[in-house]
Amino acid sequence: MTQQPHSTGTTGDSTVLEAEVTTATADTETTAAKEIVGRSPARMAFLRLRRDRASVVALTVALLFVLAAVLSPVLSGIEGWGPATPDLHGIDPDKGNFPIGAFGGISGSHWLGIEPGTGYDVFSRLVYGLRTSLMVALIAALLSTLLGVVVGLASGYFGGKVDAALNWVMNIMLAFPQLLFIIALTPVLTSAFSTNAHGGTSETLQLGSIIVIIALFAWAYTARLVRGQVLSLREREFVDAARIMGAGWKHMLFKQLLPNLWAPILISFALAVPTNIATEAALSYLGVGVVPPNPDLGSMLDAATQYYLYDPTYMVVPGVALLLVVLSLNLLGDGVRDALDPRANRA
Amino acid sequence: MSTTKSIPAQQSGEKSTSGENLLEVEDLQVHFPIRQGIVFQRQIGAVRAVDGVSFQVKPGESLGLVGESGCGKSTTGRAVTRLLEPTGGTVRFDGEDITHKKVASMRAARQNLQMIFQDPYSSLNPRHTVGTIIETPMKLNGINPEQGHKKRAQELLEIVGLNPEHYNRYPNEFSGGQRQRIGIARALALKPKLIVADEPVSALDVSIQAQVVNLLQDLQREFGLAFLFIAHDLAVVRHFSERVAVMYLGKIVEIADRETLYSRPQHPYTHALLSAVPEVDPDGADNRERIRLTGDVPSPINPPSGCRFRTRCWKAQDICASEEPPLVQLIGSADGHQAACHFPEVKQVVAPEEIPAAPASAAE
């Protein structure tokens, strides 16, 4: 009587065992399949980014703007108006040179209307302005990230006096009243470097000085971030392990530490771009950035303040464009951060 | 006792001992300065983490270094591998004085002196594949094995019991024990003579601990490796090390071969330490005396005068406060059995079993 339940018990166990064995083999098969895929951390981050819907939308919008900026000559060619060719028949000289037609003169030939006063095509100026903004923002972000990474790595890794000196510089940069300083510095730099032989201003040099100024005030944030990361990474045992193997400082910085810093660097770069766009637009709005007749979103907004009561479209167009660019790039930056650091702030 | 005095003495001794000892540590001191002040920092004291430690390791021998947390055993290991700069004393490896050598000028010693780390989760670079991790030491030291780096790395993976096909995987795909095996493979890549193992198993599960310890033991036999095995687990050390040194507050209080130390310990601190080892022995449970130490370990910033253990020692007398007991061999004790105590006493604390301790034997 005692034996019977016992025996059924064992048969039951054996079937369970068999089931476990089959699931086990299934597991090994799936791990074998995964092995072929061989996911690196970067690949996993990309997959996570692709799953996030907001990031995908933001990426699409941002890419559209970038495409518009890159293809600005082509697009304005298709539309038929250059950024500096006035359509004198589109504005009404009797009514203060305001565009003829509703919504700022939006029509089949002027897709986003006509600029009041000058008669320039708004769409053409918008895409050219985007090109300027994105170029300035990207180059400034690249420069500030590069400088920030170098300074941050050196500061965090070498420590001691090097760290103290670099930290001092960083603190000063961070403590500066940035906007005031930029407003004061820009005309000086522009007149010092961008005056060409004929006494006029060269556009490239003017843009160059704006880029340098923006980068100059942004690198300290990246440097701080990288320094902090290096300080915490330096305590990890793999750094000691590399030292015991006989690694020099170059190997340590670029082979051991830098690969672990790509995530924060990429995030800070991704978030620096929209900030720089906004800064550049603000500078141009304040009249110390890109100056007319060169097309720019900020200076368009500045010009629109004179007309917004009678021609609000002219203000809405660059305003919305700026908002969309900055918003999409910011959302993309957030998405990149979530993808690279899945443990951070995810409920 | 100045360093200038002791250096010629060691150089004369070099010829006779260098052939015998792989590692010679003489009066090693590692002090960490304590600084105060905002702009002008001045030193107001020092944490004397390691304060006059001497020991030798012969080729192929494993020396265990035990002691409670904060006694300076890890610091000793790090000073030996030159991760930390010794404040005083000398470290000689393979006949070469490496006490104050820079990384670049001690390539040869570096190759022969490797380390296994405590935390397998932070000792492997998360952004490197297993292959890169194991190949890096070879590439850094300009070693080009005839079969190529990849083949050699896969060989090493096989030696430590991992699948060589996992060459392209990242550390996050492995368990703690497997990661520790990767760390061991990395240390073996340079074919070292001595491995400093800094608590190599204390971060692992008990069952995994045994596997890793047994792997280390196999490797020791196979390649004739010498080990400086740092641990706080007395059972693991008993299983692994032929000789054992007990540290307390930056000093070695007793050093002896395994059987002697566990069966006939002399120093009261060793007695206390051994009596704390849990033992599965129902018969002996009644007559086993458990020594409970009172108080805390004194601060290494301001260690007690004389014998450092006197503040917690039940035998302490006036002499213990005034005179520091030297680490000497007692008359009649086993060869190489040294203890630093004014009132040493041979005492059997744990059962004199010849079988290795519990966790290790469980896995076999």
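The values are calculated or read from the model by the stated rules, or taken from the named source; none is laboratory data. Treat the numbers as computed from the prediction; the structure is a model and nothing was measured. Reconstructed Cβ throughout: ideal geometry from the backbone, glycine too, with neighbour counts over all protein chains shown.
Counting only helices (runs of 4 or more DSSP H) wholly contained in region A:38-148, the ones carrying 2 or more residues that are closer than 30 Å to A:ALA220 by Cβ occupy A:41-51, A:53-70. Of everything in region B:187-203 that's under 19 Å from the mean Cα position of the chain (by Cα) and among the charged types (D, E, K, R), which residue is nearest to B:ALA235 (Cα to Cα)? Result: B:GLU199.
The number of residues in region B:74-127 that are at positive phi and modelled with pLDDT of 85 or more comes to 3. Taken as a whole, the structure leaves A:GLY287 outside the set of residues that are farther than 23 Å from A:THR204 by Cβ, in the same structural domain as A:LEU134 (by TED's automatic domain parsing) and surrounded by fewer than 17 Cβ atoms within 10 Å (Cβ to Cβ).
If you filter region B:221-238 down to residues that are part of a loop (DSSP other than H, G, I, E, B) and more than 10 Å from the chain's Cα centre (by Cα), you find that the one that is farthest from B:ALA197 (Cα to Cα) is B:GLY224. For region B:49-70, the tally of residues that are under 30 Å from B:PHE223 (Cα atoms) and part of a loop (DSSP other than H, G, I, E, B) stands at 5.
Evaluating A:THR275 against the criteria (1) farther than 30 Å from A:SER107 by Cα; (2) in contact with a helix residue (DSSP H, G or I) (Cβ under 7 Å, 6 or more places away or on another chain); (3) of a type in the set (Val, Ile, Thr) leaves one unmet condition, (2). Checked against the criterion of being under 17 Å from B:HIS128 (Cβ atoms) and modelled with pLDDT under 90, the candidates B:ARG169, B:ARG186 yield just one match: B:ARG169.
Could we say that A:GLY82 is in contact (Cβ under 8 Å) with a residue 60 or more places away in the chain and of a type in the set (Gly, Ala, Ser) here? Judged against the criteria, A:GLY82 is not a match.
For (1) in the same structural domain as A:SER109 (by TED's automatic domain parsing); (2) in contact (Cβ under 8 Å) with a residue 12 or more places away in the chain; (3) surrounded by fewer than 22 Cβ atoms within 10 Å (Cβ to Cβ), each residue gets a yes or a no:
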| residue | (1), (2), (3) |
| --- | --- |
| A:LEU130 | yes, yes, no |
| A:LEU138 | yes, yes, yes |
| A:TYR157 | yes, yes, yes |
| A:ALA184 | yes, no, yes |
| A:SER191 | yes, no, yes |
| A:GLY228 | yes, yes, yes |
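Could you tell me which residue of region B:168-181 is farthest from the other protein chains (Cβ to nearest Cβ), considering only residues that are within 26 Å of the chain's Cα centre (by Cα) and of a type in the set (D, E, K, R)? Among those that are within 26 Å of the chain's Cα centre (by Cα) and of a type in the set (D, E, K, R), it is B:ARG181.
Residues in region B:325-341 that are farther than 14 Å from B:ALA272 by Cβ and either crowded, with 18+ Cβ neighbours inside 10 Å or in contact (Cβ under 8 Å) with a residue 60 or more places away in the chain (or both): B:PRO325, B:LEU327, B:LEU330, B:SER333, B:ALA334, B:GLY336, B:HIS337, B:GLN338, B:ALA340.
Quick one: is B:ILE143 among the β-branched types (Val, Ile, Thr) and modelled with pLDDT of 90 or more? When the stated conditions are applied, B:ILE143 does not pass them.
Close Cβ contacts (under 9 Å, 6 or more residues apart or on different chains) running from residues in region A:310-324 that are assigned by TED's automatic domain parsing to the domain that holds A:ASP92 to residues that are of a type in the set (Phe, Trp, Tyr) and at pLDDT 90 or above comprise A:ALA321/A:PHE65; A:LEU324/A:PHE65. Among the residues of region A:293-329, the ones that are farther than 21 Å from A:ALA84 by Cα and surrounded by fewer than 17 Cβ atoms within 10 Å (Cβ to Cβ) come to 8 in all.
Taken together, B:GLU165, B:GLU158, B:GLU146, B:GLU135 contain a single residue that is over 17 Å from B:THR81 (Cα atoms), among the acidic types (Asp, Glu), without any contact (Cβ under 8 Å) to a residue 40 or more places away in the chain and within 13 Å of chain A (Cβ to nearest Cβ), which is B:GLU165. Is it true that B:THR129 is under 18 Å from A:LYS255 (Cβ atoms) and either of a type in the set (A, V, I, L, M) or in contact (Cβ under 8 Å) with a residue 12 or more places away in the chain (or both)? So B:THR129 fits the description; yes. If you scan region B:298-311, which residues turn out to be without any contact (Cβ under 8 Å) to a residue 24 or more places away in the chain and charged (D, E, K, R)? Scanning region B:298-311 gives a single hit, B:ARG310.
Counting only helices (runs of 4 or more DSSP H) that sit wholly inside region B:74-183, those with at least 2 residues that are of a type in the set (S, T, N, Q) and surrounded by fewer than 22 Cβ atoms within 10 Å (Cβ to Cβ) are B:107-112. Among the residues making up region A:249-284, those that are more than 14 Å from the chain's Cα centre (by Cα), surrounded by 22 or more Cβ atoms within 10 Å (Cβ to Cβ) and touching a residue at least 40 places away in the same chain (Cβ under 8 Å) are A:LEU257, A:ALA281, A:LEU283. Considering region B:214-239, and only residues there that are out of contact with any strand residue (DSSP E or B) (no Cβ under 9 Å at 6 or more places or on another chain) and of a type in the set (A, V, I, L, M, F, W, C), the residue that is nearest to B:ALA185 (Cα to Cα) turns out to be B:LEU215.
Only one entry of B:GLN118, B:GLN209 meets the criterion of being more than 13 Å from every other protein chain (Cβ to nearest Cβ), touching a helix residue (DSSP H, G or I) at 6+ places or on another chain (Cβ under 9 Å) and not aliphatic (A, V, I, L, M), and that entry is B:GLN209. If you filter region A:209-251 down to residues that are within 17 Å of A:GLY156 (Cβ to Cβ) and among the hydroxyl-bearing types (Ser, Thr, Tyr), you find that the one that is nearest to the other protein chains (Cβ to nearest Cβ) is A:SER232.
Only one residue in A:VAL122, A:VAL150 is over 15 Å from the mean Cα position of the chain (by Cα), hydrophobic (A, V, I, L, M, F, W, C) and surrounded by fewer than 24 Cβ atoms within 10 Å (Cβ to Cβ), so which one is that?
On the way: A:VAL122 fails: surrounded by fewer than 24 Cβ atoms within 10 Å (Cβ to Cβ).
From the options A:VAL122, A:VAL150, the qualifying one is A:VAL150.
Would you mind stating whether A:GLU115 is surrounded by fewer than 22 Cβ atoms within 10 Å (Cβ to Cβ), at pLDDT below 90 and charged (D, E, K, R)? In short, no.
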